[in-house]
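In what follows, a structure is listed as structure tokens, so that the remarks can point back to it.
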Amino acid sequence: MMLHVPEVLSPDEVREIRAQIDAAPWSDGRATVGSQGALRKRNLQLDAALPAAQAASRLILERVQLHPQFFSAALPLRILPPLFNRYADGGEYGMHVDGSVMSQRGSPQRLRSDLSVTLFLCEPEDYEGGELTVSDTYGEHAVKLPAGDLILYPSSSLHRVTPVTRGTRTCAFFWVQSMVRDDARRTALYELDQTIQSLRASLGETKECVALTSHYHNLMRMWAEV
Ligand code: NI
């Protein structure tokens, strides 16, 4: 499932993060991929060890963890601290698949990438091109979102960022290991949860709502790895 989650960051939070990271030194993004990836990647990244990157990353992690729709869709077990990238002057990232097992620098902990997330830190009118394009069984989906919104998609998908032909595209990106590894099961749980929320909002806590909530948790008990 690909899902657009709006307003994860407020405009003030986007401004605060941009002020932190815009002033930091950016380096060539090719440093962080293997030789095959390096041929197809032309962007800038922030070194995760920089204090500005760490502060911005912490704020995003806090906001994401508190967001009910993100939680419902991702069912996160572990989230890798967000990183930052920037595309300008024709910069692009060719079609690729993200690595299956990720590690955080300086930490022994590893994470299986079930979901890839891009959080936009600039407005669509700030640049031309730069669409995140994700391929799945239903074709190619081009994504460009308002600042503060994120897109979440299965890490198994092939995806690319098309060349930025004007302006600058600044985003955060990160990976999630979900409690529910299988995308179809995770999607079914998300849709069931959203239906329960909407029934509860319109009808109150009826006995059918309670029964559906029990079905939700029984499915989680069957499928969750924690
Ligand atoms: Ni990628």
The conditions are (1) on the phi > 0 side of the Ramachandran plot; (2) not assigned by TED's automatic domain parsing to the domain that holds Ile17, and Gly167 fails exactly one of them. Which is it? (2)
Can you tell me how many residues in the range 76-99 are more than 16 Å from the ligand (Cβ to nearest atom) and either of a type in the set (Gly, Ala, Ser) or free of Cβ contacts under 8 Å to residues at least 12 places away in the same chain (or both)? 2
Taking the range 141-174 and keeping residues over 16 Å from Gly29 (Cβ atoms), in contact (Cβ under 8 Å) with a residue 24 or more places away in the chain and not in a loop (DSSP other than H, G, I, E, B) leaves His141, Val143, Leu150, Ile151, Leu152, Tyr153, Pro154, Leu158, Thr165, Arg166, Gly167
In the range 107-140, what count of residues is obtained for those that are assigned to a loop (DSSP other than H, G, I, E, B), more than 15 Å from the ligand (Cβ to nearest atom), more than 23 Å from Tyr190 (Cβ to Cβ) and more than 13 Å from the chain's Cα centre (by Cα)? 5
Consider Met102 carefully, then state whether it is at negative phi, surrounded by fewer than 17 Cβ atoms within 10 Å (Cβ to Cβ) and either touching a residue at least 24 places away in the same chain (Cβ under 8 Å) or in a strand (DSSP E or B) (or both). no
Can you tell me how many residues in the range 96-143 are of a type in the set (Ser, Thr, Tyr) and either in contact with a helix residue (DSSP H, G or I) (Cβ under 6 Å, 6 or more places away or on another chain) or within 23 Å of Val164 (Cβ to Cβ) (or both)? 5
Set Ala24, Ala73, Ala49: member being in contact (Cβ under 8 Å) with a residue 24 or more places away in the chain, in the same structural domain as Val164 (by TED's automatic domain parsing), over 23 Å from Ser155 (Cα atoms) and in contact with a helix residue (DSSP H, G or I) (Cβ under 7 Å, 6 or more places away or on another chain): Ala24
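The values are calculated or read from the model by the stated rules, or taken from the named source; none is laboratory data. No experiment lies behind these values; they were computed from the predicted model shown. Counting neighbours? That spans all protein chains shown, and the Cβs are built from the backbone with ideal geometry, glycine included.
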